[in-house]
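The values are calculated or read from the model by the stated rules, or taken from the named source; none is laboratory data. The shown structure was predicted, so the numbers you read here are calculated from the model rather than taken from an experiment. When we count neighbours, we look across all protein chains shown, and the Cβ atoms used for this are built from the backbone with ideal geometry, even at glycine.
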Amino acid sequence: MSFWSAIVAIVAILAFANTRSARLRARYPLADLHDAPAASPALEREVIELRKRVEVLERILTDGRDASRLAQDIEALREH
């Protein structure tokens, strides 16, 4: 194969790959996280409430308990 034949083959392969890539991007567009709509204030309040509830549950769970016993209980729950 001559040098120019190799160049033509490489250009053809790159053109084919570029065309295929463009078709796939058009068929399956990736979601752009920067264009995602902002969370509503109600949703943000709910997330804050849920975080507070989790903190309270963690305090209730860990108050007056041995850390090793708590670790064993967590591992037992993971096994199920």
Selected residue (only one of Arg45, Arg25, Arg65 is at pLDDT 90 or above, charged (D, E, K, R) and surrounded by 10 or more Cβ atoms within 10 Å (Cβ to Cβ)): Arg45
Options Ile13, Ile74: the member that is modelled with pLDDT of 90 or more, among the aliphatic types (A, V, I, L, M) and assigned to a helix (DSSP H, G or I): Ile13
Any chance Thr19 is among the β-branched types (Val, Ile, Thr) and modelled with pLDDT of 85 or more: yes
